[in-house]
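Undergrad: Questions regarding the structure given below will be posed in turn.
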Amino acid sequence: MTRYPYYRRKRGRDPKMVVAVGGLLVAMVLAAVAVGPLAVSALGDVVAGATPTPQPTPTPTPTPKPTPPPLAVCEYGDLPATHTSYDDWALTLVDTTYRLDASYVPPDLVPVSEAGVSGSGEVRAFVIDDLRALVEAARADGLSPKVNSAYRSYEEQGALYNEQLRKYGLEWAQSSAAQAGHSEHQLGTAIDFGGAVGSWLTAHAWEYGFINSYPTDSSRRPGTSGTSAVRPPPRFTIPACPPASGCGSTAGKAERGPP
């Protein structure tokens, strides 16, 4: 049998084949590097185009309402009031600190009966027309207002305070009655009303030139049973700006302490 020389040759690596394979591998690596970002980008486009899963809407936390600060505690003093001319009544500040002296007696006091209202007492003459209009309006709404108290002199106020002090002690006296000289009643422009008209007055008194000087809830009187309570009569006074000036509101009238 003839042996061909091919089979007798020792097998070895073909240099051309090595070069070709190496070039192919390099080309594949380069292709992978070039295609990689495109593939990632394409994948991102697919993900971006997908329908997002709805997320629950967070429930907003309600903002708490601010708590109003407590009312300032009344300070007690005995300083002479300023603007004490009778013509300056609208500027006269009378409260737990500032007082009128015993000589302050308005010269134009007239009976409240001139306004056609029941009750007794006196007010300054310029209050009468407004008081009459208020009383007529309240009666038109089926009410029967009356005057419990109006002008009160320095001496009368002192006697009232001392009576409260003697019966119920200092704390109650200070919260239920003003000391002599410290009451708006001495100005001749303040009226305590009766006749179950408190709610009506709160809603309408300002329309006739009056405001509630010291709005208050019922307070328990010392020395009575736990179920007994006393509600001070509604106090209304001509404000620091007469109705003719157009102020027409309870705004601007400070609550300054006991009557």
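Undergrad: If amide hydrogens are placed 1.01 Å from N in the peptide plane, which non-local residues have theirs closer than 5 Å to the one on residue 119?
TA: Answer set, sorted by chain and number: 147.
Undergrad: So what's the convex hull volume per residue for the Cα atoms of the stretch 68-200, in Å³?
TA: Convex hull of Cα atoms, per residue: 141 Å³.
Undergrad: Further question on the same structure: Could you go through the stretch 91-108 in sequence order and give the Karplus-derived ³J(HN,Hα) for each residue, using 6.51 cos²θ - 1.76 cosθ + 1.60 with θ = phi - 60°, rounded to whole Hz, and x for Gly and Pro?
TA: Result, ordered by residue: 9, 7, 9, 10, 8, 6, 10, 9, 10, 8, 8, 5, 7, 7, 9, x, x, 10 Hz.
Undergrad: Where Lys and Arg each count +1 and Asp and Glu each count -1, what net charge lies around residue 154 among other residues with Cβ under 14 Å from its Cβ?
TA: -3
Undergrad: Per residue, what volume in Å³ does the convex hull of the Cα atoms of the stretch 76-133 enclose?
TA: 104 Å³
Undergrad: Could I have the simple spin-label model distance between residue 78 and residue 199, label points 7 Å from Cα toward Cβ, reported in nm to one decimal?
TA: Label-label distance for residue 78 and residue 199, simple model: 4.3 nm.
Undergrad: Quick one: accessible area per residue over the stretch 55-190, 1.4 Å probe, rounded to a whole number of Å²?
TA: Result: 59 Å² of accessible area for each residue.
Undergrad: Net charge near residue 105, counting Lys/Arg +1 and Asp/Glu -1 over other residues with Cβ under 14 Å of its Cβ?
TA: Within the 14 Å Cβ shell, the charges total -3.
The values are calculated or read from the model by the stated rules, or taken from the named source; none is laboratory data. This one's a predicted model, so the numbers in the text were calculated from it and none came from an experiment. Methodologically, a virtual Cβ is constructed for each residue, glycine included, from the backbone with ideal geometry; neighbour enumeration extends over all protein chains shown. We work out accessible area using only protein heavy atoms, side chains counted, and drop any ligands, DNA or RNA first. Shrake-Rupley method; radii C 1.70, N 1.55, O 1.52, S 1.80 Å.
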